[in-house]
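Encoded as structure tokens, the structure appears first; notes follow it.
The values are calculated or read from the model by the stated rules, or taken from the named source; none is laboratory data. Just so it is clear, the structure is predicted and the values come from calculations on it, not from any experiment. A quick note on method: Cβ atoms are made from the backbone with ideal geometry, for glycine too, and the neighbour counts reach across all protein chains shown.
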Amino acid sequence: MHSLEDLRAEAERAIKQAGSLKALRDAEVAYLGRSGKLTQILKTLKDLPEDKRRTMGAEANETRKLLELLAAERTASLKREEYEQKLKLERIDITRPGKRYHKGGLHPLTIIRRDIERIFGSMGFAVAEGPEVETEFYNFDALNIPADHPARDMWDTFWIKNPKRDPKAQRLLLRTHTSPVQVRYIQKHAPPFRIIAPGRVFRYEATDASHEIQFYQLEGLMVGRDISLANFKQVMQTFLGKLFGKEMKVRLRPSYFPFVEPGAEVDMSCVQCGGHGCSVCKHTGWVEIAGAGMVHPKVFQSAGLNPKDWQGFAFGFGIDRVAMMKYKIPDIRMFYQNDIRFLRQF
Ligand SMILES: [Zn+2]
């Protein structure tokens, strides 16, 4: 009897003090398991006399029930504690700032080129393309700039070596403007048409804040029976208005380009000051934006079109220059340095 009471007290303590589910399971095995201490006592009952066996047996069974109940309670409370501990560890602080992840972005020149294409597209202009490595014919001769023409000096050119030294082969170069696309397009399409040709061009010259050896240009061409510079002015005004999101004025100043006649420099009202005068426009209220003119009859001829039947305007401007004005970027070279701090701003 004495040892059963001792055992009960000992087992109760072990169960109540079990600090984890594993410790509890160990205690259960030690007292209630197949070879546990209580089971051992039950096994000795058969050696006792009849009456003692009956009382001892009843008591031992009661003890077993009690211990099992205690173990069940302890299991439940340990599980609860464990769950609360887990909740504490996995607590989510919804006030913490989110994790920032970096996704790629478009280059500012790509953004502006797409804007420009969308705006001209809304006016019915298709997008045309031409090769960056051009022949001398398309880059110069077909545009009314023969080899001995002094106007060739207007474009500092990267010439490409002729590896076969074939004297009859066309001389190749990196195109100095997007104007060759005009000729290529007219050769393959019947007017009337209106196109823009954005693309990369190359100049062999020193770089500074407003000059790069490569930059992006946009060529425009509209040909029909009675297309005039008045149409051009309207197209340009609409385009600039949509690009800069406000009403823009355009003026034409007489100028010379070999592939147009008459030719003009195109000014737009200063985006910075709205035409009142500031340092950007050198207090004139105007900023030069493009070159333009009526397509020269010789250009039509070299592209196989009769200039007596057709006429049209052509224009060109620097996409980089427009982007610099729109985003207020002081140096054209920033577009090509790929400094991530610069690029992330767009
Ligand atoms: Zn200004």
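Would you mind stating whether Lys249 is within 16 Å of the ligand (Cβ to nearest atom) and touching a residue at least 60 places away in the same chain (Cβ under 8 Å)? Here the answer is no, as Lys249 does not meet what is asked. Residues of region 156-178 that are farther than 9 Å from Phe202 by Cβ and in contact with a Phe, Trp or Tyr (Cβ under 8 Å, 6 or more places away or on another chain): Asp156, Gln170, Arg171, Leu172, His177.
Name every residue in region 212-235 that is farther than 17 Å from Ser179 by Cβ and not in a loop (DSSP other than H, G, I, E, B), in order of residue number. Scanning region 212-235 gives Gly224, Leu229, Ala230, Asn231, Lys233, Gln234, Val235. Residues in region 236-256 that are surrounded by fewer than 17 Cβ atoms within 10 Å (Cβ to Cβ) and outside any loop (DSSP other than H, G, I, E, B): Gln237, Thr238, Gly241, Phe244, Arg251, Arg253, Pro254, Ser255.
State whether one or more residues within region 281-293 are under 30 Å from Asn144 (Cβ atoms) and more than 35 Å from the chain's Cα centre (by Cα). Yes, some residue in region 281-293 is under 30 Å from Asn144 (Cβ atoms) and more than 35 Å from the chain's Cα centre (by Cα).
Of all residues in region 268-283, one or more are free of Cβ contacts under 8 Å to residues at least 12 places away in the same chain, assigned by TED's automatic domain parsing to the domain that holds Gln217, crowded, with 20+ Cβ neighbours inside 10 Å and over 24 Å from Thr178 (Cβ atoms).
Ser179 meets each of the listed conditions (1) closer than 22 Å to Asn231 by Cα; (2) surrounded by fewer than 18 Cβ atoms within 10 Å (Cβ to Cβ); (3) polar (S, T, N, Q) apart from (2). Looking for something over 18 Å from Gln272 (Cα atoms), in contact with a Gly (Cβ under 7 Å, 6 or more places away or on another chain) and of a type in the set (Phe, Trp, Tyr) - is there at least one such residue anywhere in region 315-322? Scanning region 315-322, I find at least one residue that is over 18 Å from Gln272 (Cα atoms), in contact with a Gly (Cβ under 7 Å, 6 or more places away or on another chain) and of a type in the set (Phe, Trp, Tyr), so the answer is yes.
If you check Ala72, Ala23, which single one turns out to be under 24 Å from Gln85 (Cβ atoms) and loosely packed, with under 14 Cβ neighbours inside 10 Å?
Answer to the selection: Ala72.
Taken together, the residues in region 274-306 that are in contact with a Ser or Thr (Cβ under 9 Å, 6 or more places away or on another chain) and within 16 Å of the ligand (Cβ to nearest atom) amount to 6.
Can you name every residue in region 108-134 that is over 17 Å from Arg200 (Cβ atoms) and among the β-branched types (Val, Ile, Thr)? If the condition is that a residue be over 17 Å from Arg200 (Cβ atoms) and among the β-branched types (Val, Ile, Thr), then Ile119 is the only one that fits. Within region 35-50, residues that are assigned by TED's automatic domain parsing to the domain that holds Ala11 reach partners that are part of a loop (DSSP other than H, G, I, E, B) and surrounded by 13 or more Cβ atoms within 10 Å (Cβ to Cβ) with beta carbons closer than 8 Å, at six or more positions or on different chains, in the pairs Thr39/Gly33. Filtering Arg152, Arg184, Arg200 for residues that are in a helix (DSSP H, G or I), surrounded by fewer than 20 Cβ atoms within 10 Å (Cβ to Cβ) and at pLDDT 85 or above leaves a single hit, Arg184.
Scanning region 132-149 for residues being more than 12 Å from Val183 (Cβ to Cβ) and part of a loop (DSSP other than H, G, I, E, B) gives a total of 5.
In summary, Gly224 fulfils each of the numbered conditions (1) more than 33 Å from the chain's Cα centre (by Cα); (2) surrounded by fewer than 17 Cβ atoms within 10 Å (Cβ to Cβ); (3) under 27 Å from His149 (Cα atoms) with the single exception of condition (3). Of the helices (runs of 4 or more DSSP H) lying entirely inside region 11-127, those containing at least 3 residues that are out of contact with any His (no Cβ under 9 Å at 6 or more places or on another chain) and under 30 Å from Phe239 (Cα atoms) span 108-122.
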